[in-house]
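Here's the structure, in structure tokens; my notes come after.
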Amino acid sequence: MLIESWQVFGYGEYVREEFNKRVNSVRVVEFPDSIPKELRGVKYSIAKNVLSRYLKVSQTFKTLEEKYFEKEFFKLKPVFEKENTLIIFGTFSIRTRYLELIKKEFPYIKIIGVTVDKIRRIEDKERIIKNIKYFDSIFSFDSEDCRDYGMKHISTFYIENFIYCGEEKKIDLFYVGSYVGREERFDTVLNLYRYCKKNNLVSYIKLYDVNKMEKYGKKLLNQGMLSIEEYEDLVTGTPIPVEKTAELMKESKVVLEIVDSLQKAPTLRPLECLVSKTKLITTNTSIKNLDFFNDRNCYIYEESLKNLEKSFFSLPYVEIDDQIVAQYSLSKFIEKILK
């Protein structure tokens, strides 16, 4: 079995380890998504930076890319010859040319996709819909995509690192997430941060920002809507590993989750809350339809915090039935894919 590398949030290694427990031979394969800078040369630069600037479609640029990707694919041919199944995580990111070549050169290989994205959130929707035909089956976390495109539904999961082992709950509110240019996310985080300060609650809130001084943060600073102290406390240029996140969640009473407005399926966070025995504040209104939802454990954030009582942080977590929790394990996740 081949697994196309999945690096989302640092969980890839745990997913591969779980597959290894069930399959005799699991190998990781990576498909290059762009031409390395050192191999681009003058011809590539002209095609991309000059021709594509003035023409709607630069055929020269496309041809150069396709030739490179074909060359890289055939380097992997000896690997594919020994396998009969390819599982691709992050299904929508793979280039169409790779899928075409796999089906042409190795028609006996079963291609299974697992996606964490919602089609409506992706700019290049037409390409994505076209690519579906190359897969023998696709698993999606999103029930609407399953209904509209014939995908199989699968839930997100938790890994064992998050299982509560009696840690002291000394953090009232925990949040770690990427900023990636989302002003709404920054505003929500700032509101919760200030709520904690006002109510003397201990918070660990970090927005990961690659460039550190994001434009929106600068704007708020210049307008006097954000203090330097707040910005320095909230924003970090260093990503926090999943292992550290698990440690902090087990020490937290409440975790904040902020999702895109189109998000309906649960992310990893609510399921990690289940096993770390941590309450949840979330912007995902659909969570109330799930089997583990309990309004004593979950507060749905809708535009304001006017109904969030301080007692939500101090009242004990309500235990959820073990059978419900167990069905969201990584083990069950892999089991569904291999059926």
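Per-structure values
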quantity	calculated
Members of region 180-219 found to be in a loop (DSSP other than H, G, I, E, B) and either of a type in the set (Phe, Trp, Tyr) or modelled with pLDDT of 95 or more (or both), listed by number	199, 200, 201, 202
Conditions (1) buried (at least 18 other Cβ atoms within 10 Å of the Cβ); (2) modelled with pLDDT under 95; (3) within 18 Å of the chain's Cα centre (by Cα); number of the one not met by residue 158	(2)
Search result, residues across region 95-115 that are more than 15 Å from residue 83 (Cα to Cα) and not in a helix (DSSP H, G or I)	95, 113, 114, 115
For residue 260: the one exception among (1) closer than 22 Å to residue 14 by Cα; (2) surrounded by fewer than 23 Cβ atoms within 10 Å (Cβ to Cβ); (3) not aromatic (Phe, Trp, Tyr)	(1)
The lone exception for residue 253 - which of (1) in contact (Cβ under 8 Å) with a residue 12 or more places away in the chain; (2) farther than 24 Å from residue 121 by Cα; (3) part of a loop (DSSP other than H, G, I, E, B); (4) charged (D, E, K, R) it fails	(3)
Some residue of region 301-319 being in a helix (DSSP H, G or I) and modelled with pLDDT under 95	no
Meets criteria (in contact with a Phe, Trp or Tyr (Cβ under 6 Å, 6 or more places away or on another chain) and at pLDDT below 95) for residue 143	no
Odd one out for residue 295 among (1) under 19 Å from the mean Cα position of the chain (by Cα); (2) in a loop (DSSP other than H, G, I, E, B)	(1)
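The values are calculated or read from the model by the stated rules, or taken from the named source; none is laboratory data. These figures come from a predicted structure and were not determined experimentally. Please note: Cβ atoms are built from the backbone with ideal geometry, for glycine as well, and neighbour counts cover all protein chains shown.
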